[in-house]
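Q: Quick one: structure below, then a few questions.
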Amino acid sequence: MHSRHLNEQMVRVLRTIGYDVRFRRGKGQYLFDSNGERYLDLLSGFGVFGIGRNHPALREALTNVLDSEFPNLVQLDVSTLAGILAERLLAHVPYLDKVFFVNSGAEAVEAAIKFARMATGRPGIVSCDHAFHGLTNGALSLNGDGIFRNGFEPLLPDTQRVPFNDLAALERALSSRKVAAFIVEPIQGKGVNMPADGYLQAAAELCRRHGTLFIADEIQTGLGRTGRFLALEHWNVEPDMVLLAKALSGGHVPCGAVLMRRPIFERMFDRMDRAVVHGSTFAKNDLAMAAGIATLDVIAQERLIENAARTGERIMQGLKALVPNYEMLREVRGKGLMIGIEFGAPDSFRLKASWSLLETANKGLFCQLITIPLFKDHKILSQVAGHGLHTIKLIPALVMTDQDCDHVVNSFDSVIAGSHRVPGAVWSLGKTLVTHAARARKAG
Ligand SMILES: Cc1ncc(COP(=O)(O)O)c(C=O)c1O
């Protein structure tokens, strides 16, 4: 049915890489396939299952909403659950005053663009190279990766990209004084790129000096993933707007929020006849609001932010200790449970030929030699951090245990060791992937 009615290419991808195991159940950080086999999920639905899959508190909250027969989405009233969730979110960012709810990450970005333009009266939006902010037209205009943009242009006018970590380029862009906002992920999701020391503080300061709003896209990094409620807290930065989505949903009911300073909000909603000048029909629906409240409860009660910091450090230390052992393992970086594992071209002649064979077929293919055996032999689901990259990204649920962490480290150790053996099973897989890539290119 999926091939016939939906995305056939996705079905082909899953078959090619052997991920077509038909998952049947999810619990916490684990998935179970049709044979009852357990997998450790280091992808967590692109980061939506911060509290893990099917958390009982979340299920209870959602069931309670349904059982209560609340009126829901009257639209010409105000929702109590939305008020509660807004207050709970703002308690984490005392310097912000207002919340605007949305249905997804991209919708949060779209809203932020409108709020920023309206509040400043300026058209420009600056984002970073390699940024990912979503795939709707406005958000896409801010994306730093050509593969997403190509073929869809022209996109939103007056958008501009600067290199991440380049303050001089940012200052040049802002000096036109036509820039409404600078939007940045504190840690870039595509590639797990870390901000240089002082970059985010200095960027926020530049924004303030040039009358530009500083928007933190914490859609992936927020809600405890990096070991703080917001990743920006690691660098003591107070943005003008914060975007949240993904994990706020509990993984069940899409839910996002734009948190901002009062004057920005009040410029958009400044008169009674403009009370609905921006909005989205489903945004404050009761199930989404209840999911958000329950998610924040679980994060607090189970001390998941502390757990993310601790277990993330355990994985990171374990993986960092492997770097000296393997010439193709270059770097392990990240914060909390947002971890990038970067590979690079080998120096030894023995491995060089095999690496180039793969990379000529398809840039970034090497990482599949790690993720596929991790899945098949160690029952670990992971992903490459972006198109053509040599970095694998881990963004598991924040409920990871020490045992899970040790399983991750030991499994990577074993698979990376295999990738350094030529000839060997891993490189036979490499040859198969090269054949598939060649066939796909021919078909295309
Ligand atoms: C940093 C960031 N911003 C925005 C988005 C877009 O969110 P959504 O897929 O919910 O539209 C994502 C999704 O991966 C993201 O990681």
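The values are calculated or read from the model by the stated rules, or taken from the named source; none is laboratory data. Note that the structure is predicted; figures quoted are calculated from it, not measured. Here Cβ is always computed from backbone atoms with ideal geometry, including for glycine, and neighbour counts include all displayed protein chains.
Q: Within the group 86, 108, which residue is within 15 Å of the ligand (Cβ to nearest atom), modelled with pLDDT of 95 or more and of a type in the set (Gly, Ala, Ser)?
A: None of the others qualify; the one that does is 108.
Q: Shifting gears a bit: Looking at the range 200-217, is at least one residue in contact (Cβ under 8 Å) with a residue 12 or more places away in the chain, closer than 24 Å to residue 336 by Cα and part of a loop (DSSP other than H, G, I, E, B)?
A: no
Q: With respect to residue 341, determine if the residue is touching a Cys at 6+ places or on another chain (Cβ under 6 Å), closer than 23 Å to residue 234 by Cβ and at pLDDT 95 or above.
A: no
Q: Still on this structure: Please determine, by comparing only the residues of the range 252-296 that are out of contact with any Cys (no Cβ under 9 Å at 6 or more places or on another chain) and among the small types (Gly, Ala, Ser), which one is nearest to the ligand (Cβ to nearest atom). Lay out the reasoning, then the answer.
A: Filtering the range 252-296 down to residues out of contact with any Cys (no Cβ under 9 Å at 6 or more places or on another chain) leaves 252-282, 284, 286, 290, 293-294, 296.
Narrowing further to those that are among the small types (Gly, Ala, Ser): 256-257, 275, 279-280, 290, 294.
Numbers: 256: 7, 257: 12, 275: 26, 279: 17, 280: 13, 290: 19, 294: 19 Å.
Here the residue is 256.
Q: Can you find a residue in the range 118-131 that is closer than 19 Å to residue 238 by Cβ, in a helix (DSSP H, G or I), among the hydrophobic types (A, V, I, L, M, F, W, C) and within 15 Å of the ligand (Cβ to nearest atom)?
A: Scanning the range 118-131 turns up no residue that is closer than 19 Å to residue 238 by Cβ, in a helix (DSSP H, G or I), among the hydrophobic types (A, V, I, L, M, F, W, C) and within 15 Å of the ligand (Cβ to nearest atom).
Q: Please work out which one of (1) under 30 Å from residue 114 (Cα atoms); (2) away from the ligand (no atom under 16 Å from the Cβ); (3) small (Gly, Ala, Ser) is the condition residue 249 fails and give its number.
A: Only one criterion is unmet by residue 249, namely (2).
Q: May I pose another question? Restricting the first residue to the range 67-81 and requiring it to be in contact (Cβ under 8 Å) with a residue 24 or more places away in the chain, which pairs with a second residue that is surrounded by 11 or more Cβ atoms within 10 Å (Cβ to Cβ) and among the charged types (D, E, K, R) meet a Cβ separation below 8 Å and a spacing of at least six or different chains?
A: 70/286; 72/286; 73/284; 73/286; 79/284; 79/286; 81/284; 81/286
Q: So, in the range 8-30, exactly how many residues are surrounded by 16 or more Cβ atoms within 10 Å (Cβ to Cβ) and among the polar types (S, T, N, Q)?
A: The total comes to 2.
Q: Pairs needed: first member in the range 250-263, under 24 Å from residue 397 (Cα atoms) and at pLDDT 95 or above; second member anywhere, within 12 Å of the ligand (Cβ to nearest atom) and assigned to a loop (DSSP other than H, G, I, E, B); C-beta distance under 6 Å; at least 6 residues apart or different chains.
A: 251/48; 254/103; 254/104; 256/104; 256/245
Q: Separate question: For the range 224-233, enumerate the residues that are within 13 Å of the ligand (Cβ to nearest atom) and either part of a loop (DSSP other than H, G, I, E, B) or within 19 Å of residue 81 (Cβ to Cβ) (or both).
A: Passing the criteria: 225, 226, 230.
Q: Please verify whether residue 15 is of a type outside the set (Gly, Ala, Ser), away from the ligand (no atom under 16 Å from the Cβ) and within 24 Å of the chain's Cα centre (by Cα), treating the condition exactly as stated.
A: Details: of a type outside the set (Gly, Ala, Ser): yes; away from the ligand (no atom under 16 Å from the Cβ): yes; within 24 Å of the chain's Cα centre (by Cα): no.
It is false that residue 15 is of a type outside the set (Gly, Ala, Ser), away from the ligand (no atom under 16 Å from the Cβ) and within 24 Å of the chain's Cα centre (by Cα).
Q: Restricting attention to the range 25-50, which residues are away from the ligand (no atom under 16 Å from the Cβ), touching a residue at least 24 places away in the same chain (Cβ under 8 Å) and among the small types (Gly, Ala, Ser)?
A: Those that are away from the ligand (no atom under 16 Å from the Cβ), touching a residue at least 24 places away in the same chain (Cβ under 8 Å) and among the small types (Gly, Ala, Ser): 26, 28.
Q: Exactly one condition in (1) of a type in the set (A, V, I, L, M, F, W, C); (2) in contact with a Leu (Cβ under 7 Å, 6 or more places away or on another chain); (3) surrounded by fewer than 17 Cβ atoms within 10 Å (Cβ to Cβ) is false for residue 332; which is it?
A: Unmet condition: (3).
Q: Same structure, new question: How do the pairs read when you match residues in the range 234-247 that are touching a residue at least 24 places away in the same chain (Cβ under 8 Å) and part of a strand (DSSP E or B) with residues anywhere that are away from the ligand (no atom under 11 Å from the Cβ) and of a type in the set (D, E, K, R), using Cβ under 6 Å and keeping only pairs 6 or more apart or on different chains?
A: none
Q: Going through the range 24-48 one residue at a time, which ones are in contact with a Ser or Thr (Cβ under 8 Å, 6 or more places away or on another chain) and either more than 21 Å from residue 189 (Cβ to Cβ) or among the aliphatic types (A, V, I, L, M) (or both)? Spell out the reasoning first.
A: As a first pass, look at the range 24-48 and keep what is in contact with a Ser or Thr (Cβ under 8 Å, 6 or more places away or on another chain): 24, 29, 42-43, 48.
Correct list: 24, 42, 43, 48.
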